[in-house]
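Data first, discussion second: the structure below is written as structure tokens.
The values are calculated or read from the model by the stated rules, or taken from the named source; none is laboratory data. This is a predicted model, so every value here is computed, not measured. FYI the Cβ positions are ideal-geometry reconstructions off the backbone, even for glycines, and counts take in every protein chain you see.
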Amino acid sequence: MNNRKLVRGLLLVAVIAVAGYNTLRPPVEPGHVPGPATSTQSRTGNPALEQAFEARASDVQVEGSGVVVRVLADDTRGSRHQRFILRVADDQTVLVAHNIDLSPRINGLHEGDRVAFYGEYEWNDRGGVIHWTHRDPANRHPHGWLRHNGRQYD
């Protein structure tokens, strides 16, 4: 019985320590482009993105930024999409699927580049996907965009 109390006590201390660390540590991504709903700090710098991931939500408009960790081959099935992976927090990446039939490709995109985004988040267990990073020609969906090296792609 004493061992169980000791384990519970240690777990409680660990949870408090992690919560304190996450509260007091500096932002992970200097130069972050905040979205409209960033009145409080979060581990991603974007509370809407963090909440959508934790809630396993989809169809959520999010704005944020991250660092390119991998540039992938284009998806050429159906509408063509430029694809790359952004690190948006120490422990989260998202796949960006940017429709290059409706918006210009980001030429010269490399690992380590910072990209800001506004688009629709779709949850998956790998961190999620950001898409609708372009204008909607039918004006039925919020217009999205990407920003890279001072240029906006929409």
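A few notes on this one:
- Scanning the stretch 61-96 for residues that are of a type in the set (A, V, I, L, M), out of contact with any strand residue (DSSP E or B) (no Cβ under 6 Å at 6 or more places or on another chain) and either at pLDDT 95 or above or not in a strand (DSSP E or B) (or both) turns up just one, 73.
- Here the condition is being among the basic types (Lys, Arg), within 18 Å of residue 145 (Cβ to Cβ) and either surrounded by 17 or more Cβ atoms within 10 Å (Cβ to Cβ) or in contact with an Asp or Glu (Cβ under 9 Å, 6 or more places away or on another chain) (or both); of 83, 56, 70, 87, it holds for 83 alone.
- Given (1) of a type outside the set (Ser, Thr, Tyr); (2) surrounded by fewer than 17 Cβ atoms within 10 Å (Cβ to Cβ); (3) not in a strand (DSSP E or B), index of the condition residue 106 fails: (2)
- The sole residue among 112, 127 that is on the phi > 0 side of the Ramachandran plot, modelled with pLDDT of 95 or more and part of a loop (DSSP other than H, G, I, E, B) is 112.
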